[in-house]
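Visitor: What follows is a structure written as structure tokens; I'll ask about it next.
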Amino acid sequence: MCNWSKRGTIHGQLITSTGLKSDSSKVTVIENLQNAKLEALLGIVNYLQTFSPN
């Protein structure tokens with residue numbers, strides 16, 4: 001039997017007993033990015049999604 005009473009993080013996601021949640025510190029950093037940096041980040045994410053099976 002698995003015990004999910006502890007919290008942990010993996011790839012910016014918080015794993016808790018109630019499920020997956022976004023790491024608020026990562027969300028805050030993205031919200032505070034300037035437009036040019038945000039567009040560059042979204043471009044990289046868009047490119048990398050082609051290599052993801054899902």
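Visitor: Can you list residue pairs whose Cβ atoms sit under 7 Å apart, with the first residue in segment 23-34 being closer than 14 Å to GLN13 by Cβ and the second being surrounded by 11 or more Cβ atoms within 10 Å (Cβ to Cβ)? Count only pairs 6 or more apart in sequence or on different chains.
Guide: Short answer, once both residue conditions are applied: ASP23/THR9; ASP23/GLY12; ASP23/GLN13; ASP23/LEU14; LYS26/GLY12.
Visitor: Follow-up question, since we're still on this one. For the chain, enumerate the residues that are modelled with pLDDT under 85, assigned to a helix (DSSP H, G or I) and in contact with a Leu (Cβ under 8 Å, 6 or more places away or on another chain).
Guide: ILE30
The values are calculated or read from the model by the stated rules, or taken from the named source; none is laboratory data. The model shown is predicted, which means the values in this text are computed figures rather than measured ones. Because the Cβ atoms are built from the backbone with ideal geometry, glycine has one as well, and the counts that use them run over all protein chains shown.
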